[in-house]
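The values are calculated or read from the model by the stated rules, or taken from the named source; none is laboratory data. Not measured: the values here are computed from a predicted model. With ideal geometry, Cβ positions are generated from the backbone for all residues, glycine too; neighbour counts draw on all protein chains shown.
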Amino acid sequence: MPSRRSQLGTEPPASEITPETRYFRRREFIRNTALFAATATAVGGGLRFLVRGRRVTDRERAQTLAAARAPLPIAARSEYAGGEALTAERDVTSYNNFYELGTAKEDPAANAHTLRPRPWTVTIAGEVRRPRTVDIDEVLGWLPLEERIYRMRCVEAWSMVIPWVGLPLADFLARLEPTSRAKYVQFTTLVDPEQLPGQRRRVLDWPYVEGLRLDEAMHPLALLAVGLYGKTLPGQNGAPLRLVVPWKYGFKGIK
């Protein structure tokens, strides 16, 4: 497996961390200006050994991990974490940010068994030459899957190293043939309070919408993740499809 030293920079000073109010305003702006839409469920994830609130029970964890954790065929592997050791899978799948499944860090792992990642479709619309709705399993056959080890960091002060499996976003977008008028890529999540109990509360304006400028989306490290640790994503980590993009100081998962 080739090893590369991360070139994403050093630790950011506190003065450069984006205030929460400005972060949410940015989401609102992108939602109003994006020209391309791809419907997907995705999730930001985290790690802490000492968590606030109740821990996920063994029964809840077993229910979650048993759902759709199938092995994935991997055509290529790359490492972008500077040789750091992988974070334990148990930790990556038990402490998460995913408000659709609850606001506490432990809620997603406890509630993810309600999410049904199959059958699932992705709707492609807007400034593309081939708008359509496709089944997620068809999408997975478009390109060879790659495993990429990224070091992710969060303003909440956690850091973890994860082996994602997915499709390069730039190659995925090229297949959709964006028109010359396309400037943004917009991602809109599922709205289904039965599957996503956190949507029964107005924590956010559902559906959750996020986006990228087209040049950001075409970054060679941007990934549409469909798996972790060589297997399909569990619900609390964004099944069946999650966006992982390089940011100025590290990688982040976009919901």
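Some observations on this one:
- Checking Y208 against (1) buried (at least 19 other Cβ atoms within 10 Å of the Cβ); (2) within 25 Å of A76 (Cβ to Cβ), the condition it does not meet: (2)
- When L233, L173, L212, L224 are checked against the criterion of being of a type outside the set (S, T, N, Q), closer than 23 Å to R151 by Cα and out of contact with any Gly (no Cβ under 7 Å at 6 or more places or on another chain), a single residue qualifies: L212.
- Test set (1) charged (D, E, K, R); (2) exposed (fewer than 13 other Cβ atoms within 10 Å of the Cβ); (3) touching a helix residue (DSSP H, G or I) at 6+ places or on another chain (Cβ under 9 Å) - E177 fails condition number: (3)
- Just one of the listed residues (D215, D192, D171) is farther than 25 Å from S94 by Cα and surrounded by 15 or more Cβ atoms within 10 Å (Cβ to Cβ), and it is D171.
- The listed residue being at pLDDT below 95, farther than 21 Å from A125 by Cβ and buried (at least 22 other Cβ atoms within 10 Å of the Cβ), out of V139, V165, V244, V203: V244
- Among the residues making up region 122-136, those that are touching a residue at least 12 places away in the same chain (Cβ under 8 Å), of a type outside the set (D, E) and either over 19 Å from L196 (Cβ atoms) or surrounded by fewer than 16 Cβ atoms within 10 Å (Cβ to Cβ) (or both) are T123, I124, A125, G126, V128, R129, R130, T133, V134.
- The condition of being in contact with a Gly (Cβ under 8 Å, 6 or more places away or on another chain), of a type outside the set (S, T, N, Q) and either modelled with pLDDT of 95 or more or farther than 30 Å from R181 by Cβ (or both) holds for only one of E146, E79, that being E146.
- Among the residues of region 99-112, those identified as over 16 Å from W158 (Cα atoms) and either free of Cβ contacts under 8 Å to residues at least 40 places away in the same chain or of a type in the set (A, V, I, L, M, F, W, C) (or both) are L101, A109, A110, A112.
- Applying the criterion of at least 3 residues that are among the basic types (K, R) to the strands (runs of 3 or more DSSP E) found wholly in region 108-195 leaves 146-153.
- Members of region 189-226 that are within 15 Å of the chain's Cα centre (by Cα), among the β-branched types (V, I, T) and under 17 Å from N97 (Cα atoms): T189, V209
- Residue identified as under 28 Å from A85 (Cβ atoms), surrounded by fewer than 21 Cβ atoms within 10 Å (Cβ to Cβ), modelled with pLDDT of 90 or more and charged (D, E, K, R) among R116, R151: R151
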